[in-house]
1. Considering only segment 159-182, I want to know if a residue exists there that is in contact with a strand residue (DSSP E or B) (Cβ under 6 Å, 6 or more places away or on another chain), over 19 Å from residue 117 (Cα atoms) and either surrounded by 15 or more Cβ atoms within 10 Å (Cβ to Cβ) or touching a residue at least 12 places away in the same chain (Cβ under 8 Å) (or both).
2. Can you tell me how many residues in segment 59-79 are in contact with a strand residue (DSSP E or B) (Cβ under 6 Å, 6 or more places away or on another chain), at pLDDT 95 or above and assigned to a helix (DSSP H, G or I)?
3. Among the numbered criteria (1) farther than 23 Å from residue 55 by Cβ; (2) more than 17 Å from the chain's Cα centre (by Cα), which single criterion is violated by residue 74?
4. Mind listing whichever residues of segment 99-119 are under 19 Å from the mean Cα position of the chain (by Cα), assigned to a helix (DSSP H, G or I) and more than 13 Å from residue 71 (Cα to Cα)?
5. Would you call residue 202 surrounded by 11 or more Cβ atoms within 10 Å (Cβ to Cβ), more than 23 Å from residue 86 (Cβ to Cβ) and in contact with a helix residue (DSSP H, G or I) (Cβ under 8 Å, 6 or more places away or on another chain)?
6. Tell me whether segment 129-145 contains one or more residues that are more than 19 Å from residue 22 (Cα to Cα), loosely packed, with under 14 Cβ neighbours inside 10 Å and more than 16 Å from the chain's Cα centre (by Cα).
């Protein structure tokens, strides 16, 4: 189901009880967020899919101004699309997630920013054999990936919050996270990449950034 449709179904209390998605001011105004970052903030750590070719355009990127000369690909209803645009980056969009890979291959845009938690599985798909993970660039903006429930579903929201907090307290959440994503973190070689930070004007003020135990720190992730 398309992301925007799933969010509408949830808001209208129809066929969906819970959705997991990147947060934004708009989504938190329409739905009830469970403010526990399932991604530990890593959805905002972005690598890029690019075409396999001798001359890599991102290799010459030193700063944000350089990046404005290239086009990024994103989903039309993703918050990331607006974040990139607000930072002055040209974005080509599609309503079809699978089409973005074909559009990149066809040269409709030069790079496809993806979370380091997503990009390796996508790059390893046989149908994406003409693409590769760029080894140079790391984009970073603060964001969070939450469970969302319907605005009036306080009971489910409280149950999810309590369950996540218990899993964090007993260590099982962190263990499960590393079991699933530890290899992706190793493959990303973050300390070897050129970091460009972006603003996120969509980040809600209620984001629990002060709860350091919920996030992976920059010091942890950029440690050689």
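The values are calculated or read from the model by the stated rules, or taken from the named source; none is laboratory data. Everything quoted here is computed from the prediction, not taken from an experiment. Here Cβ is always computed from backbone atoms with ideal geometry, including for glycine, and neighbour counts include all displayed protein chains.
1. Going through segment 159-182, the residues in contact with a strand residue (DSSP E or B) (Cβ under 6 Å, 6 or more places away or on another chain) turn out to be 160-161.
Then keep just the ones that are over 19 Å from residue 117 (Cα atoms); that gives 160-161.
This time we only want the ones that are either surrounded by 15 or more Cβ atoms within 10 Å (Cβ to Cβ) or touching a residue at least 12 places away in the same chain (Cβ under 8 Å) (or both), so: 160-161.
Yes, because at least one residue in segment 159-182 is in contact with a strand residue (DSSP E or B) (Cβ under 6 Å, 6 or more places away or on another chain), over 19 Å from residue 117 (Cα atoms) and either surrounded by 15 or more Cβ atoms within 10 Å (Cβ to Cβ) or touching a residue at least 12 places away in the same chain (Cβ under 8 Å) (or both).
2. Of the residues in segment 59-79, 1 are in contact with a strand residue (DSSP E or B) (Cβ under 6 Å, 6 or more places away or on another chain), at pLDDT 95 or above and assigned to a helix (DSSP H, G or I).
3. (2)
4. Passing the criteria: 99, 101, 119.
5. Values: surrounded by 11 or more Cβ atoms within 10 Å (Cβ to Cβ): yes; more than 23 Å from residue 86 (Cβ to Cβ): no; in contact with a helix residue (DSSP H, G or I) (Cβ under 8 Å, 6 or more places away or on another chain): yes.
Judged against the criteria, residue 202 is not a match.
6. Yes, the conditions are met somewhere in segment 129-145.
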